[in-house]
Amino acid sequence: MPQPKTFAIRTFGCQMNEHDSERLAGLFVSEGMVEEEDFTSADVVIFNTCTIRENADLKLYSALGQLKAEKERRPDMQIAVGGCMAQKDRGEILERASWVDVVFGTHNLAQAPALLRRASLEGAIVDVWDAPDPEAARDMAPALYAVRELPWAAWMTIQTGCDNTCAYCIVPSVRGEEISRPFDDLLSEGRMLAKSGVTEITVLGQNVNSYGRDITRRRPLFADLLRALGEIEGIERIRFTSPHPKDLRPETIAAMAETVAVCPQLHLPLQSGSDRVLTAMRRGYSAERYLQRLADARAGIDDLHVTTDLIVGFPGETESEFEETLAVVAEADFDSAYTFVFSPREGTRAADMAPDFVDDDIVANRFVRLKEVLDRCALRHHEAREGLVEEVLVEGISRRNDLMLSGRTRQGKLIHFPVTEATLRPGALAMVRVTHGAPYHLLGELESVQRAPRHKIRLPLMSS
Ligand code: SF4
């Protein structure tokens, strides 16, 4: 009996890419292939690329460089490059790495297995679509076929692309316009996931709260989707990323407050606290309007955990504008934040603002000062949880201490607690009393076990 072919996927970038890689793995597994970790021994290696960060290019080409000798040693081995950088750079990838067999884009991910078969007969192929085939985009292979990292938790892509035009962002040009998946498809996918034992769904999109805007018949709102997913039996936790502050509607806040399964967690990217910078970024809101939306969300949803994204050193950012950001961040009092140093991406408006680029030393200094404000807020939020009993979805043995278990509270906070209950397995739900709030995590003690894991070990279906 011939050994099944093996494949290995390396993912760069965001959760959308992580989920695309899960779906890619599902496609290759449904072709009878076996996934493996070791790149140098896999028959097929796929790079699912990102183009958001400056050194994304460097990472990819150094990884491809490492495989050159292996490809010479095993000419039948195949290498494919997909994702946002492939969508942007296309044939240039073959010019820089001629040992690559296939380059595919963000709109034709499902073609990867077929393109690799063709390349084994015809030679290297670059097949990148300029725009998604709406039907293909709409009837995206359900997450059910995805090879998920956590059997009890699933990502669900509800929308591809983005209609916004933020000056620093390359996403609209590599992922195209917003296309929402049909409402009923998402509900049936949610039910299938629940049947397979998934208890937590994270809804994904570049701008989730504009979901449905492109659907003409019976146009659903994002709020409707949250409520409907919340009615699916077995789904206990619903999270979502990423919403845009200008599209945060009262209906969404009400749906979050009134749908038990929707977790009290909101990621609301601010990016800057200066109105002049926000305008230059083309974000579509002012700092005051952002703070008002945040206040509405906090007023409407109990115990809301709020995180954000912040860019330091956007072209032209002055010291006083940066201080405006510090003031808004202090007022917003975030639970935590992802902070980025501005890096120009070719093909974006901001990349043409070179004369206004801020000096690296100044940016580094501002980055440290911003972190100080954020860390103070984060620690205060964590200390405020001390003594509370949190519902925790257990993820497994702590990476830092194998006498501890780790999990996430409903707010999404990371918590570690001693293993006192041998039967407590990943995917289980437990009640944990918080004993200590640290800057980036909580510590606790197990109070009780709510329920055992529900997920079933699943064998992928062979696709027709
Ligand atoms: S909302 Fe702005 S930052 Fe987010 S994906 Fe769209 S263009 Fe990029």
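The values are calculated or read from the model by the stated rules, or taken from the named source; none is laboratory data. Predicted model, so just to flag it, every value in this text is computed and none were measured. When we count neighbours, we look across all protein chains shown, and the Cβ atoms used for this are built from the backbone with ideal geometry, even at glycine. For accessibility, only protein heavy atoms count, side chains too; no ligands or nucleic acids. Shrake-Rupley method; radii C 1.70, N 1.55, O 1.52, S 1.80 Å.
Think of each Lys and Arg Cβ as +1 and each Asp and Glu Cβ as -1; about the Cα centre, that makes the dipole of the chain roughly 900 debye. For the chain, C14, C50, C84, C162, C263, C377 stand unpaired, since no other cysteine beta carbon lies under 4.7 Å from theirs. Here the 3J(HN,Hα) profile of the range 343-360, calculated from phi with Karplus coefficients 6.51, -1.76 and 1.60 at θ = phi - 60°, is 9, x, 10, 3, x, 9, 4, 5, 5, 8, 9, 3, x, 9, 4, 8, 4, 4 Hz, Gly and Pro shown as x. H441 contributes about 30 Å² of solvent-accessible surface, heavy atoms of the protein only, 1.4 Å probe.
State the volume of the convex hull built on the alpha-carbon positions of the range 134-383, expressed per residue in Å³ and rounded to an integer. Could the numbers behind the result be given before it?
Details: hull volume 33.9 nm³, N = 250.
Cα convex hull per residue, to the nearest whole number: 135 Å³.
Pairs of alpha carbons in the chain separated by more than 28 Å make up 56% of all such pairs.
If you take the beta carbon distance between R96 and H436 as r and set R0 to 56 Å, what does 1/(1 + (r/R0)^6) give as a FRET efficiency, to the nearest 0.05? Walk me through the intermediate numbers first.
Numbers: r = 50 Å, r/R0 = 0.89.
Between R96 and H436 the formula returns 0.65.
Over 28 Å apart at the Cα level, from the set K59/K195; K59/K246; K68/K88; K5/K195; K88/K195; K5/K59, are K59/K195; K59/K246; K5/K195; K88/K195. Put simply, the range 218-302 fits an ellipsoid with semi-axes of 27, 13, 11 Å; these come from the alpha carbon gyration tensor as the roots of five times its eigenvalues, largest first. Quick check: Cα centre of the range 304-339 to Cα centre of the range 382-409, how many Å? Result: 28 Å between the Cα centres.
Using a/c under 1.5 as the rounded threshold, could you call the range 339-464 rounded, prolate or oblate? The axes a ≥ b ≥ c are square roots of the C-alpha gyration tensor eigenvalues, and prolate needs a/b larger than b/c, oblate otherwise. Oblate, since a/c reaches 1.5 and b/c is not below a/b. Distance from a point 7 Å along Cα→Cβ of K195 to each backbone N in the range 229-246: keep the residues under 19 Å and list them by number. Taking a point 7 Å out along Cα→Cβ of K195, the residues of the range 229-246 whose backbone N falls under 19 Å are 229-236.
Computed in the context of the full set of protein chains, the accessible area of the chain at 1.4 Å probe radius has 52% of its extent on carbon or sulfur. Within the same chain, aspartates and glutamates fewer than 8 places from K71 are excluded, and of the rest, those with a Cα less than 16 Å from its Cα are D38, D43, D101.
Across all directions, the average flat footprint of the convex hull enclosing the Cα atoms of the range 262-358 is 6.6 nm².
According to the square roots a ≥ b ≥ c of the eigenvalues of the Cα gyration tensor, what is the shape class of the range 6-127, taking rounded for a/c under 1.5, prolate for a/b larger than b/c otherwise, and oblate for the remainder? Provide the component values of the computation, followed by the final result.
On the way: a/c = 1.29, a/b = 1.08, b/c = 1.19.
Because its axes are fairly even, with a/c under 1.5, the range 6-127 counts as rounded.
Each Cα pair of the range 389-451 feeds into the Kirkwood radius, which the Stokes-Einstein equation turns, at 20 °C and 1.002 mPa s, into a diffusion coefficient of 193 µm²/s. When you restrict to C-alpha pairs under 8 Å that are six or more residues apart and normalise by the size of the range 134-383, the relative contact order lands at 16 percent. Based on protein heavy atoms only, the chain ends up with 45 Å² per residue of surface accessible to a 1.4 Å probe.
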